[in-house]
Amino acid sequence: MANARLSTGRKIAAHAVLLGYTLIALFPVFVIVINSFKSRKAIFADPLALPLPGNFDFVGYRTVMKQGDFFLYFQNSLTVTVGSLFCVLLFGAMAAFALSEYRFRGNSLMGLYLALGIMIPIRLGTVAILELMVSAGLVNTLTALILVYSAQGLPLAVFILSEFMRSVSDDLKNAGRIDGLSEYRIFFSLVLPLVRPAMATVAVFTMIPIWNDLWFPLILAPAESTKTVTLGAQVFIGQFVTDWNAVLAALSLAIVPVLVLYLVFSRQLIRGITAGAVK
Amino acid sequence: MAARKPVRWHIAVFLAPAVLIYTAVMIIPLFGTLLQSLYNKGEGGARVFVGLQNFATLFGDALWSDAFWNALGNNAWFFLIHMLVQNPIGVALAAILSTPRLRMAAFYRTAIFIPTILSFVIVGFVWKLILSPIWGIAPGMLDAVGLKMLFAPWLGKEEYALTALALVSVWQFIGIPMMLIYAALLSIPDEILEAAEMDGITGMSQFWKIKLPLILPSIGIISILTFVGNFNAFDLIYVAQGALAGPDYATDILGTFLYRTFFGFQLQLGDPYMGSAIAGAMFGIILIGVCVYLFGIQTRLRRYQF
């Protein structure tokens, strides 16, 4: 079976390439995490050494736990990220469906209008946004952040989702119409399940900049009770510049929640794919 | 036909929430900023309308234009590196990942995507550590394989700093093209691939002849996202080199130039009017790129429904 042998060889090559790139991708993270468990002297003596009993030290994490309320920060970040994701995915998919499914006057104009937001960073409008939030009484609330991030995420979501929705079979939708489904039912029970992989992809791309954003939490919600974890970590780095143990520990902790969120969505992505689209 | 129906309210219902949030929180504030680029401080600090004069200063007055063209050139190089390094590697990784029945595919995909989920704070910090000539891991590692003479303080040299940072950015964001292409490759129906196999098209030629044409629309999306992302980039340069984008502005891109102008830095006060003009120029550049994509490329791509 020449074919089988060939594919074995190719599989080994595939694993070699992927493993090689995985090493490149993970090495810096590895450096942060191992050094966060070491004593200060060991960090400088041999940065690549693993944390072994001789140089193992929890001092960084102890400092982090004593300072600030990291659990509250995590909770705030989670609320903001999940809330914005919900708005972006639901409203974005609805708008993408309208744009990709119906021919109406102003369709491409509306598409262009919504795509404008991909081209300009929302940060350019910061001062006006702050004025808006002040007059709406939303400063130092998580709602303000959710609104801003929803607006920031919507254009890209609409852009990507409408691209994917165009490849959903027209026959399927028309079959639904003939069976008497309303347009809403067609959207929620036919189209949405079919673009679930695309939704998961959009979710991942929307979530990351929201979780990692420093700018808007700093300007719109800097109060202790609404601080997000990135802002918390940044303030921490600012205060403890020379305390490398604490900085490395704070950075390691900041990686964990977003990794968990990512894993949740990537599982959804796999499930969406294996559930099988129309075949 | 649907077009004959009187008023199709469902279209409005589908569009309304997205359009409302987007208009109120994004477009109106941004429009305010663009409007502001047409004003400048008059006598006594009052706001006066100056038309396009801010832009004339930005493009023509040596005090501003040197910095502007420098930032624009650096930005173009930054983008070029992403297009030449990030996207081909991303597509290749996705193609390898989508090999049917590949073991540990989920592990590789997650691992390669991890840099993308890290915050700029972390990325800037760790790469500065790795590349640092004093504490750094890079000199030690090069030493171990006998290539120590290749090491240079990359982030500190004018000729290397921008390229080094662009490669760090590539390292961070390679997950995005990889994921999008991976999703596109998986959505190619098995029937098409089976038909290709029946005709004896397998392996590399299957990728070039069958899969690549089918994922071209996704590659188009990635290119335009890279373009927009790169011309909006700011954070990585800021956390690695500060707002002054050293050494000697060698890593200055439009985002950092805008930041310095808008909010000011050490010796210079912030100038919201010139800042708005730079924002307007960035907007124009990105708008041109997106129009080229939408009207020149996207309309010519062939789409397949399956």
Quiz item: How far apart, in nm, are the 7 Å Cα→Cβ label points at A:Ser189 and A:Val33?
Solution: 4.4
Quiz item: Can you give the Kirkwood hydrodynamic radius of the range B:70-115 from its Cα pairs, in Å with one decimal?
Solution: 12.4
Quiz item: A:Glu224 to B:Val48: FRET efficiency via 1/(1 + (r/R0)^6), r the Cβ-Cβ distance, R0 51 Å, to the nearest 0.05?
Solution: 0.75
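Assign unit charges at the C-beta atoms only (+1 for Lys and Arg, -1 for Asp and Glu), then state the dipole size of the range A:2-57 relative to its Cα centre in Debye, rounded to the nearest 20. Mind showing how you got there, number by number?
On the way: 6 positive and 2 negative charges, 48 e Å.
That gives the range A:2-57 a dipole magnitude of about 240 debye.
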Quiz item: Roughly how many whole Å is it from the C-alpha centroid of the range B:91-161 to that of the range B:62-79?
Solution: 27
Quiz prompt | Radius 15 Å from Cβ of B:Ala92, net charge of other residues (Lys, Arg +1; Asp, Glu -1) | solution = +3
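Determine the gain in length on full extension of the stretch A:Thr8-A:Leu48; use 0.36 nm per residue of separation and subtract their C-alpha separation, reporting nm with one decimal. Kindly include the intermediate steps, with their values, before the conclusion.
Details: separation 40, 0.36 × 40 = 14.40 nm, distance 3.50 nm.
Result: 10.9 nm gained on full extension.
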Self-check item: Between the range B:207-221 and the range A:25-86, the alpha-carbon center distance in angstrom
Solution: 41
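Let me confirm one metric for peptide A:44-51, namely the mean number of other chain beta-carbon atoms within 10 Å of its residues' beta-carbons. Mind dumping the intermediate values first?
Values: counts 2, 0, 1, 7, 4, 0, 0, 0.
Neighbouring Cβ atoms belonging to other protein chains average 2 per residue here.
Count charges around B:Asp248 for me, please; just the other residues with Cβ under 13 Å from its Cβ, Lys/Arg as +1, Asp/Glu as -1.
Numbers: positive: B:Lys157; negative: B:Asp66, B:Glu158, B:Glu159, B:Asp252.
Local net charge: -3.
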Quiz item: Could you give the alpha-carbon Rg of the range A:2-57 over 2.2 N^0.38 Å, rounded to two decimals?
Solution: 1.79
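Pairs A:Lys11/B:Lys209; A:Lys173/B:Lys209; A:Lys66/A:Lys227; A:Lys38/B:Lys128: which exceed 28 Å Cα-Cα? List each step's numbers first, then the result.
On the way: A:Lys11/B:Lys209 21 Å; A:Lys173/B:Lys209 30 Å; A:Lys66/A:Lys227 17 Å; A:Lys38/B:Lys128 19 Å.
From A:Lys11/B:Lys209; A:Lys173/B:Lys209; A:Lys66/A:Lys227; A:Lys38/B:Lys128, over 28 Å: A:Lys173/B:Lys209.
Taking a cut-off of 17 Å, what percent of all Cα-Cα pairs in the range B:1-145 are separated by more than that? Provide the component values of the computation, followed by the final result.
Numbers: 8677 of 10440 pairs.
Value for the range B:1-145 (Cα pairs over 17 Å): 83 percent.
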Self-check item: Size of charge dipole - the range B:42-128 - debye, nearest 20, with Cβ of Lys, Arg +1 and Asp, Glu -1, no other charges
Solution: 740
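Output the Kirkwood hydrodynamic radius of the range A:58-177, Cα pairs only, in Å rounded to one decimal.
17.1
How many percent of Cα pairs in the range B:52-300 exceed 27 Å? Intermediate results must be reported in sequence, preceding the final value.
Numbers: 14865 of 30876 pairs.
Considering the range B:52-300, 48 percent of its Cα-Cα pairs are separated by more than 27 Å.
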Quiz item: Can you give me the Cα centroid spacing of the range B:243-271 and the range A:120-160 in angstrom?
Solution: 24
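Please give the length that would be gained between A:Phe86 and A:Leu181 if that part of the chain were fully extended, namely 0.36 nm times their separation in residues minus their C-alpha to C-alpha distance (nm, one decimal). Working shown, then result.
On the way: separation 95, 0.36 × 95 = 34.20 nm, distance 2.51 nm.
So the extension gain works out to 31.7 nm.
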Self-check item: Inverse of mean 1/r across different Cα pairs in the range A:63-274, Kirkwood, Å
Solution: 19.0
Quiz prompt | B:Ala16/B:Ile288 FRET efficiency (R0 35 Å; Cβ-Cβ; nearest 0.05) | solution = 0.70
Exercise. Using +1 at the Cβ of each Lys and Arg and -1 at the Cβ of each Asp and Glu in chain A, identify which of A:Leu214, A:Ala144, A:Leu19 lies farthest towards the dipole's positive end.
Key: A:Leu19
Quiz item: Given labels modelled 7 Å from the Cα in the Cβ direction, how far is it in nm from B:Ala76 to B:Leu301?
Solution: 2.5
Self-check item: Selection from B:Ile112, B:Leu129, B:Leu180 lying farthest towards where the dipole of chain B points positive, charges on Cβ
Solution: B:Leu180
Quiz item: Using alpha-carbon pairs under 8 Å, 6+ residues apart, how would you state the relative contact order of chain A in percent?
Solution: 28
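Multiplying the sequence separation of A:Val17 and A:Asp171 by 0.36 nm and subtracting their Cα-Cα distance, what value in nm do you get? Let's see the in-between values first.
Working: separation 154, 0.36 × 154 = 55.44 nm, distance 4.10 nm.
Here the answer is 51.3 nm.
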Self-check item: Cβ neighbours within 10 Å from other chains - mean over A:27-37
Solution: 4
Self-check item: Compactness of the protein assembly as shown as Cα Rg over 2.2 N^0.38 Å, two decimals
Solution: 1.01
Quiz item: Assigning unit charges at the beta carbon (Lys, Arg +1; Asp, Glu -1) and nothing else, what dipole magnitude in debye, to the nearest 20, does the range A:117-210 show about its Cα centre?
Solution: 100
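Need one number: the % of Cα-Cα pairs in the range A:116-215 sitting beyond the 24 Å mark.
Working: 2044 of 4950 pairs.
Of all Cα-Cα pairs in the range A:116-215, 41 percent lie more than 24 Å apart.
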Quiz prompt | Inter-site label distance for A:Gln75 and B:Val145 at 7 Å from Cα along Cβ, in nm | solution = 4.8
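So, R0 is 51 Å and r is the distance between the beta-carbons of B:Leu102 and B:Val7; what FRET efficiency does that work out to, to 0.05?
Working: r = 51 Å, r/R0 = 1.01.
It comes to 0.50.
Computed from the coordinates by the stated procedures, all read-outs in this text should not be read as laboratory data. Just so it is clear, the structure is predicted and the values come from calculations on it, not from any experiment. Positions of Cβ are backbone-derived with ideal geometry, glycine not excepted, and every protein chain shown enters the neighbour counts.
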